[in-house]
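> Starting off with a structure, shown below.
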Amino acid sequence: MKTPLVELRGIRKRFGPVVALDGADFELRAGEIHGLLGENGAGKTTLMNVLAGLYRADAGEVYLDGRPVQILEPRDAVRVGVGMVHQHFELVGHFSALENVVLGREGGGWLRRHRLRQEVEALMERVGLPVPLDRPVRELPVGVQQKVEILKALYRGARVLVLDEPTTLLTPQEVDSLFASLRTLVAAGVSVVFITHKLAEVLRTCDRITVMRRGRRVVTVSREEADARQLVEWMVGASPPPAAVRDPAQPGSPVLELEGVRVVDPRGVPVLEDVTLAVRSGELVGVAGVSGNGQQALAGVVAGSVRPAAGVVRVGGRPVRRGGVADRMREGVLSIPEDRLRDGVLPRMSVAENIVLGRHRLHFPGVRYRPEVVRGLALRAIEQYRIVCPGPDAAAGQLSGGNLQKLIAARVFEGARERGARLLVAHNPTRGLDVPSTEFLHAQLLDFCRHGGGVLLISEDLDELMKLSDRITVLYRGRVVAEFPRVRFDRYAIGRAMAGGAA
Amino acid sequence: MTAGAAARGRGQGVWPYAGALVVALAVLGGLVAALGGDAAGALAGLFRASLGSAAGLGQTLNKTTPLLLGSLAVLLGLRAGVFNIGVDGQIYAGAVAATGVAFLLAGLPRGFAVPAVLLAGMVGGAVLGAIPGLLRARWGVSEIFVTVMLNFIAVFLVEYLSTGPWNDPTAGEAITRAIPPGATLPWLLPQAGAHAGVLLALGTALGVWALLYRTVFGYELRAAGDNPSAASLGGVPVARTVALALGASGALAGLAGAVEVSGFHYRLILGLSPGYGMMAILIAVLSRRHPLGAVAVSFGFAALVVGTDSLQRSVGLPASAVFVVQAAVLLVLLAVEGLRRNPA
């Protein structure tokens, strides 16, 4: 057999008490698209971060073309031709695509724009990834920004391109375009590692598939040998839990109504315009849309952290006058924030102190705060929501993204139960969660509906929306541009509406 | 930084600090020698003057009091996510209020006058702390600007009072008349010259600990300081909490001013705070924003300051050289703390 282009052998990496990689192996052949599949926390991203020089492995070897190489920092990875595109892009928003691509490689003291442009244009031509070079990247759609990231890696001489969860933020059309581009890249001599937890994507695009679980490789198979059921079993380690089944909703009275709501951001730019929608008791309403089309403002208006400039918000039939999150919580509205690091976690405080946030006044109506009570709540939640952490007293900032999300889910669902909440706003609640945790969270959302609550599920994951929602509303540039009842769900029609086309 | 590094950092315990102390003392000896002094004698004298004698211990305890109260003020702010660099101004505001009330209450029994004086100091400091708190809560004005500006106002107020209306005409310098004897703090160790302020400060440290870890307000304060956005989405009234924290922080600093007047100087003087506010920031950071840690660090700082001050007498270093020595020792301690946090 041919020598693999990249070989990782016995890679180990610990973060404090957590073993992220436990002797992981991986092989990439030249000219293939290799899917790296696994649940959240399986170690996929960590393993590739070792290859990209972002983490230093505690043990193990890296071989390129059969020769051992030392990759201690990102510079080393670039030198040997490894480039990685992260889940969250690292672009300078007000720089043009050209400036972003050549960033750090300008050479000399002068920007030789003309020569650099010719180089980048030649590169785009060769790999078949045309992007507009002169507009500030923040004005480009996410799918194009991603291509800029890929060009950036290739411009630095990447022969091995690692894409971490590249489809998360894309519309179905953009996903198609990305997959087509990957094929062209391979034809141009680039080898691709594609990190994902989405089975369908792996089966659709990859030549070979490596499944990881708990920091080790389970198996590497070619696409022909792979079948979906078997892959899930390898990922999860046992038969997967049954998917949540959506009972037909029998909606009751409205728990949330928005009428002509308009929100203006601090710069005076409207971010929501004339939004009218309702969630009734027992109903799960999905909000689809590409990130940045007003979802944050919508979640904020409902949760009480954003004040509308115009329009009416009614909770349980009564207009809310003013007031912040605390008032809205008393009225029975709870929310799972989109950005858990920014809006969800108290990083230096303990897991227990995080779990009680938003419920603390419920448990302690007086002056006194009782840490032992909080600890008890946390111990139960850690068990019930399977939060992997050193214990209730560990700093929450140490938790992995998936476990942080479980912590927030525990906080919100337990809080909803304790308060008898009527409405739950969940913004990308399963982003980055593994399969069992996603199923668990979906079941919790549906359970909340079954007991008479209403859910507003704002998500970028169309599969999730189609699986759970009674209705899907599409947001585009701050407006509701389409609405689909469950019987008319069609991913391409919804995708077109998300991209601003007619439904 | 990774979780692993954090875990290692915690595991190291007190050894880095012990090492830092050895290095600091070596630096100190070297500096004294370089400045033409007797290094061994200086170190011995330093110990005798700060901890190794009754009078020295008394001075160290007296010095601990404003440093501890000041650092509690700073760390309460830091815990709420605000940087109170106006502790000096709040110490002066507390001292002014305490002195004024002491004059008003001349002739009243100690059991009434002393609590009133201390309370006045807290109110004075709280007012000065509440101003930046409210400006920040209402309009998002940076507390750093406002507290720095208020420092100037407080210092000039003290200058006006000590040279003007309250001036002691017999003294010939910027100090006020002495406060009535009934308004002075009782002694803790009369032979050592230690007043009871240190007990007050210790009690306050315990109080701040209880406030932070055993009250709902303290929980909300820490949440607001850790991540205001998440706290706000958890229903914490962040702006109000932060404003209250700054007010409380000012009250603690004001208490320090009142104690200095009522326990140590018996009058308001210009230069009542020789940079306590800045040292309090260092102590708050070195004690990792924990009130009980601040007790130990304040005591160590006080011993250091008192001990090095004595070098003027014991080896005849000029006052400015003493400041150089103090600063060098501090730099060593801070460098060690920096290395501990971010191992190279």
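The values are calculated or read from the model by the stated rules, or taken from the named source; none is laboratory data. Small disclaimer: the values here were computed from a predicted structure and weren't measured. Don't worry about glycine lacking a Cβ; one is built from the backbone with ideal geometry, like all the others, and counts go over all protein chains shown.
> If you take the residues in segment A:396-406 that are buried (at least 21 other Cβ atoms within 10 Å of the Cβ) and farther than 22 Å from A:His442 by Cα, which one is nearest to the other protein chains (Cβ to nearest Cβ)?
A:Gln398
> Right, next: Between a residue in segment B:238-253 that is buried (at least 24 other Cβ atoms within 10 Å of the Cβ) and any residue that is among the polar types (S, T, N, Q) and assigned to a helix (DSSP H, G or I), which pairs come within a Cβ distance under 6 Å, given they are 6 or more apart or on different chains?
Pairs that qualify, where the first residue is buried (at least 24 other Cβ atoms within 10 Å of the Cβ) and the partner is among the polar types (S, T, N, Q) and assigned to a helix (DSSP H, G or I), are B:Val238/B:Ser232; B:Gly250/B:Gln90; B:Ala253/B:Gln90.
> Taking B:Gly293 as meeting all but one of (1) under 21 Å from B:Leu57 (Cα atoms); (2) buried (at least 20 other Cβ atoms within 10 Å of the Cβ), write down the number of the exception.
(2)
> Which condition from (1) in contact (Cβ under 8 Å) with a residue 24 or more places away in the chain; (2) not in a loop (DSSP other than H, G, I, E, B) is the one that A:Ile387 breaks?
A:Ile387 satisfies every listed condition except (2).
Residues are listed down the side, and each one gets a yes or a no for (1) out of contact with any Pro (no Cβ under 7 Å at 6 or more places or on another chain); (2) in a loop (DSSP other than H, G, I, E, B):
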| position | (1), (2) |
| --- | --- |
| A:Val78 | yes, no |
| A:Phe89 | yes, yes |
| A:His94 | no, yes |
| A:Asn100 | yes, no |
| A:Gly104 | yes, yes |
| A:Arg117 | yes, no |
| A:Gln146 | no, no |
| A:Ala153 | yes, no |
| A:Gly157 | yes, yes |
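> Is it the case that B:Leu211 is within 24 Å of the chain's Cα centre (by Cα) and within 14 Å of chain A (Cβ to nearest Cβ)?
Answer is yes for this residue.
> Give the residues of segment B:176-196 that are surrounded by 20 or more Cβ atoms within 10 Å (Cβ to Cβ) and either free of Cβ contacts under 8 Å to residues at least 60 places away in the same chain or touching an Asp or Glu at 6+ places or on another chain (Cβ under 9 Å) (or both), sorted by residue number. Walk me through how you get there before you give the answer.
So the first thing to find is which residues in segment B:176-196 are surrounded by 20 or more Cβ atoms within 10 Å (Cβ to Cβ), and the list is B:176, B:179, B:183-185, B:194-195.
Listed by number, the list holds a single entry, B:Thr176.
Yes/no per residue for (1) assigned to a helix (DSSP H, G or I); (2) touching an Asp or Glu at 6+ places or on another chain (Cβ under 8 Å); (3) modelled with pLDDT of 90 or more; (4) within 30 Å of B:Val127 (Cα to Cα):
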{"position": "B:Ala258", "(1), (2), (3), (4)": "yes, no, yes, yes"}
{"position": "B:Ser262", "(1), (2), (3), (4)": "yes, no, yes, yes"}
{"position": "B:Pro274", "(1), (2), (3), (4)": "no, no, no, yes"}
{"position": "B:Arg288", "(1), (2), (3), (4)": "no, no, no, yes"}
{"position": "B:Leu292", "(1), (2), (3), (4)": "yes, no, yes, yes"}
{"position": "B:Arg313", "(1), (2), (3), (4)": "yes, no, no, no"}
{"position": "B:Gln326", "(1), (2), (3), (4)": "yes, no, no, no"}
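> Out of everything in segment A:349-395 that is within 13 Å of chain B (Cβ to nearest Cβ) and among the aromatic types (Phe, Trp, Tyr), what residue ends up being surrounded by the most Cβ atoms within 10 Å (Cβ to Cβ)?
Out of the qualifying residues, it is A:Tyr369.
> Restricting attention to segment A:207-219, which residues are within 24 Å of A:Val175 (Cβ to Cβ) and touching a Ser or Thr at 6+ places or on another chain (Cβ under 9 Å)?
A:Asp207, A:Arg208, A:Ile209, A:Thr210, A:Val211
> Name the residues in segment B:118-152 that are more than 11 Å from B:Ala251 (Cβ to Cβ), under 19 Å from the mean Cα position of the chain (by Cα) and of a type in the set (Val, Ile, Thr), would you?
B:Ile144, B:Thr147, B:Val148
> Return a yes/no flag: does segment A:44-52 have any residue that is touching a helix residue (DSSP H, G or I) at 6+ places or on another chain (Cβ under 8 Å) and closer than 30 Å to A:Glu233 by Cβ.
Checked segment A:44-52: at least one residue is touching a helix residue (DSSP H, G or I) at 6+ places or on another chain (Cβ under 8 Å) and closer than 30 Å to A:Glu233 by Cβ.
> Quick check: is even one residue across segment B:91-104 part of a helix (DSSP H, G or I), over 14 Å from B:Val158 (Cβ atoms) and among the hydroxyl-bearing types (Ser, Thr, Tyr)?
Here is the first cut: in segment B:91-104, the residues part of a helix (DSSP H, G or I) are B:91-104.
Restricting the remaining residues to those that are over 14 Å from B:Val158 (Cβ atoms) gives B:101-104.
Still in the running and among the hydroxyl-bearing types (Ser, Thr, Tyr): none.
Within segment B:91-104 (the criterion being part of a helix (DSSP H, G or I), over 14 Å from B:Val158 (Cβ atoms) and among the hydroxyl-bearing types (Ser, Thr, Tyr)), the answer is no, since none of the residues qualifies.
> Does segment A:44-54 contain at least one residue that is β-branched (Val, Ile, Thr), within 14 Å of chain B (Cβ to nearest Cβ) and not in a strand (DSSP E or B)?
yes
For every residue, the table says whether it meets (1) closer than 30 Å to A:Arg9 by Cα; (2) hydrophobic (A, V, I, L, M, F, W, C); (3) surrounded by 13 or more Cβ atoms within 10 Å (Cβ to Cβ); (4) outside the structural domain of A:Val148 (by TED's automatic domain parsing).
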site: A:Arg67; (1), (2), (3), (4): yes, no, no, no
site: A:Gly83; (1), (2), (3), (4): yes, no, yes, no
site: A:Gln87; (1), (2), (3), (4): yes, no, yes, no
site: A:Glu90; (1), (2), (3), (4): yes, no, no, no
site: A:Ser96; (1), (2), (3), (4): no, no, yes, no
site: A:Val101; (1), (2), (3), (4): no, yes, yes, no
site: A:Gly104; (1), (2), (3), (4): no, no, no, no
site: A:Arg117; (1), (2), (3), (4): no, no, yes, no
site: A:Glu125; (1), (2), (3), (4): no, no, no, no
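> How about segment A:276-307: which of its residues are more than 18 Å from A:Gly260 (Cβ to Cβ), within 14 Å of another protein chain (Cβ to nearest Cβ) and in contact with a helix residue (DSSP H, G or I) (Cβ under 7 Å, 6 or more places away or on another chain)?
A:Ala303, A:Gly304, A:Ser305
> Filter segment B:171-191 for residues that are hydrophobic (A, V, I, L, M, F, W, C) and at pLDDT below 85; which is farthest from B:Val158 (Cα to Cα)? Write out each step before concluding.
So in segment B:171-191, the residues hydrophobic (A, V, I, L, M, F, W, C) come out as B:171, B:174-175, B:178-179, B:183, B:185, B:187-189.
Checking the rest, the ones that are also at pLDDT below 85 come to B:171, B:174.
Numbers: B:Ala171: 16, B:Ala174: 9 Å.
So, considering only residues that are hydrophobic (A, V, I, L, M, F, W, C) and at pLDDT below 85, the one farthest from B:Val158 (Cα to Cα) is B:Ala171.
> Determine whether segment B:122-137 contains at least one residue that is modelled with pLDDT under 90, closer than 30 Å to B:Ala239 by Cβ and either outside any loop (DSSP other than H, G, I, E, B) or among the acidic types (Asp, Glu) (or both).
Yes, that holds for at least one residue.
> Oh, and also: Can you name the residue in segment A:1-34 that is of a type in the set (A, V, I, L, M), assigned to a loop (DSSP other than H, G, I, E, B) and surrounded by fewer than 19 Cβ atoms within 10 Å (Cβ to Cβ) and, of all such residues, is nearest to the other protein chains (Cβ to nearest Cβ)?
Looking at residues that are of a type in the set (A, V, I, L, M), assigned to a loop (DSSP other than H, G, I, E, B) and surrounded by fewer than 19 Cβ atoms within 10 Å (Cβ to Cβ), I get A:Ala30.
> Just one of (1) part of a loop (DSSP other than H, G, I, E, B); (2) at the interface with chain A (Cβ under 10 Å from one of its Cβ atoms) trips up B:Phe217, so point out which.
Unmet condition: (1).
> Please go through segment B:138-150 and pick out each residue that is of a type in the set (Ser, Thr, Tyr) and outside any helix (DSSP H, G or I).
Taking segment B:138-150 and keeping what is of a type in the set (Ser, Thr, Tyr), we get B:142, B:147.
If the condition is that a residue be of a type in the set (Ser, Thr, Tyr) and outside any helix (DSSP H, G or I), then B:Ser142 is the only one that fits.
> Which residue is surrounded by the most Cβ atoms within 10 Å (Cβ to Cβ), if the candidates are limited to segment A:328-348 and must be at the interface with another protein chain (Cβ under 8 Å from one of its Cβ atoms), touching a residue at least 40 places away in the same chain (Cβ under 8 Å) and assigned to a helix (DSSP H, G or I)?
My answer is A:Gly344.
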